[in-house]
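Remarks on the structure that follows.
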Amino acid sequence: MSDVEALLDNLGVARLAVTGTSGGGPHALAVAAKLPDRILRRSASSVWAVQGEAVLHRELTQVAAEDLARMAADPAKVFSDDWQLPASDREVLSRSDMQQMFAETMREAYRTGV
């Protein structure tokens, strides 16, 4: 939590409200729990907030592995078919330069784990 506190100090933020949805729910609650003197309000809307960080980590690790394997097998599959992207987004993602940029970004995002 020292990184969050350092960021707040650097930005000159004395107190704040935190919120998190989906996978961000546990993180918002962790910030609120670890930095209570700086928190005005907190909210979380997430099944992960109830199930806990260990479950979230296990699930995200699996998602990361699936994402990386899918992209390695077919660079056009930067995002899975489950995303149901509109035609305009699919058109942009059909470009090899965009596939490469998104693939590099996702590999870097997952490089140190989830």
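The values are calculated or read from the model by the stated rules, or taken from the named source; none is laboratory data. Predicted model, so just to flag it, every value in this text is computed and none were measured. With ideal geometry, Cβ positions are generated from the backbone for all residues, glycine too; neighbour counts draw on all protein chains shown.
Scanning segment 38-62 for residues that are in contact (Cβ under 8 Å) with a residue 24 or more places away in the chain and of a type in the set (Val, Ile, Thr) turns up Ile39, Thr61.
For segment 93-102, indicate whether the set of residues that are under 22 Å from Gly23 (Cα atoms), surrounded by fewer than 16 Cβ atoms within 10 Å (Cβ to Cβ), more than 13 Å from the chain's Cα centre (by Cα) and not aromatic (Phe, Trp, Tyr) is non-empty.
Kept after step one, since they are under 22 Å from Gly23 (Cα atoms), are these residues of segment 93-102: 102.
Then keep just the ones that are surrounded by fewer than 16 Cβ atoms within 10 Å (Cβ to Cβ); that gives none.
No, there is no match, as no residue in segment 93-102 is under 22 Å from Gly23 (Cα atoms), surrounded by fewer than 16 Cβ atoms within 10 Å (Cβ to Cβ), more than 13 Å from the chain's Cα centre (by Cα) and not aromatic (Phe, Trp, Tyr).
Among Ser22, Ser80, Ser46, Ser88, which is modelled with pLDDT under 80, farther than 19 Å from Arg111 by Cα and assigned by TED's automatic domain parsing to the domain that holds Met106? If you could, list the steps in order and put the result at the bottom.
Numbers: Ser22 fails: assigned by TED's automatic domain parsing to the domain that holds Met106; Ser46 fails: assigned by TED's automatic domain parsing to the domain that holds Met106; Ser88 fails: modelled with pLDDT under 80.
Checking each option against the conditions leaves just Ser80.
Quick one: count up the residues across segment 43-54 that are surrounded by fewer than 17 Cβ atoms within 10 Å (Cβ to Cβ) and touching a helix residue (DSSP H, G or I) at 6+ places or on another chain (Cβ under 9 Å). Can you show your working first?
Pass one, segment 43-54, residues surrounded by fewer than 17 Cβ atoms within 10 Å (Cβ to Cβ): 43, 45, 47, 50-54.
With touching a helix residue (DSSP H, G or I) at 6+ places or on another chain (Cβ under 9 Å) added as a condition, the list becomes 43, 45, 47, 50-53.
Looking only at that region, the number is 7.
Among the residues making up segment 4-42, a single one is out of contact with any strand residue (DSSP E or B) (no Cβ under 7 Å at 6 or more places or on another chain), surrounded by 10 or more Cβ atoms within 10 Å (Cβ to Cβ) and among the polar types (S, T, N, Q): Ser22.
Lys34 fulfils the conditions (1) charged (D, E, K, R); (2) within 24 Å of Glu108 (Cβ to Cβ); (3) modelled with pLDDT of 85 or more except for a single criterion, (2).
Quick check on my filter: what residues within segment 10-30 are assigned to a helix (DSSP H, G or I), free of Cβ contacts under 8 Å to residues at least 12 places away in the same chain and over 13 Å from His57 (Cα atoms)? First the steps, then the outcome.
Keep residues of segment 10-30 that are assigned to a helix (DSSP H, G or I), which gives 10-11, 22-30.
Pick out the ones that are also free of Cβ contacts under 8 Å to residues at least 12 places away in the same chain and you get 10-11, 27.
Across segment 10-30, the qualifying residues are Asn10, Leu11.
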